[in-house]
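Notes to accompany the following structure.
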Amino acid sequence: EPVRLGFDVEILKAEVDAAGYDIVIEANGVMRHIQLKGSFNGSKVYQQGINAKLGKKPSGCVVWLGFDAETLNLGPFYWFGGAPGESLPDISGLKKAKHSKANAQGEKTERANTYVLRRTRCETIGTLDGLIDRLFG
């Protein structure tokens, strides 16, 4: 069944992945810069790298999509962000992310402007309607 928003929505997509967000959605007078993440339900993925530049964007947030690997049904959703109009919570205390491949010296160096967000730091939201309410009030 389609979700009925009750307000106009504009969606913009970033051309490159350097700005810290994947999409911008404006609805209900709120502009959200959103970094999208995803993992199938039951996955051992418990953390994701997030870009520090997201914290400088209006109402920046992370939406981590859980999905059923067989049916592709969405949910639950994991949310990291502030209320509409508020910036991303401070991420400077999070662990810095490292490159997945080692350099010539065998060291995995820190990734610039990237922090590790653990799923336990996110709020779990069970429905798409709940996610829309969290995003736009």
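The values are calculated or read from the model by the stated rules, or taken from the named source; none is laboratory data. Being a predicted model, the structure only gives us computed values, none of them experimental. Here the Cβ positions follow ideal geometry from the backbone for every residue, glycine too, while neighbour counts run over all protein chains shown. Side chains are part of the model used for accessible areas, which takes the heavy atoms of the whole protein and leaves out ligands, DNA and RNA. Shrake-Rupley method; radii C 1.70, N 1.55, O 1.52, S 1.80 Å.
Take the solvent-accessible surface of the protein heavy atoms, probe 1.4 Å, and return the percent of it on the chain that carbon and sulfur atoms account for.
Within the chain, the accessible surface is 50 percent carbon and sulfur.
Once the other residues with Cβ under 9 Å from the Cβ of residue 46 are scored (Lys, Arg +1; Asp, Glu -1), what is the net sum?
+3
Over its Cα atoms, what ratio of radius of gyration to 2.2 N^0.38 Å does region 75-137 give?
Against the compact-globule rule of thumb, the ratio is 1.49.
Ignoring solvent entirely, what values of log10 I(q)/I(0) come out of the Debye formula for the chain at 0.17 Å⁻¹ when each Cα is a single scatterer?
The computed values of log10 I(q)/I(0) come out as -0.97.
For region 82-137, run through the trypsin sites (Lys or Arg not before Pro) and keep only the ones in DSSP coil with at most 15 other Cβ atoms within 10 Å of their Cβ.
95, 101, 108
Hey, can you find the accessible area per residue of the chain for me, probe 1.4 Å, expressed in square angstrom?
Computed with neighbouring chains in place, this is 62 Å² per residue.
Suppose accessible area is computed on protein heavy atoms with a 1.4 Å probe; arrange 34, 11 from highest to lowest.
Heavy-atom accessible area, descending, gives 11, 34.
Please check which bits of region 40-66 a label hung off residue 26 would reach, taking the label as a point 7 Å along Cα-to-C-beta and the cut-off as backbone N under 14 Å.
It comes to 58-59, nothing else.
Quickly rank 81-89, 64-72 as a protection proxy: mean count of other C-beta atoms within 10 Å, highest first.
Listed from highest to lowest mean packing, they are 81-89, 64-72.
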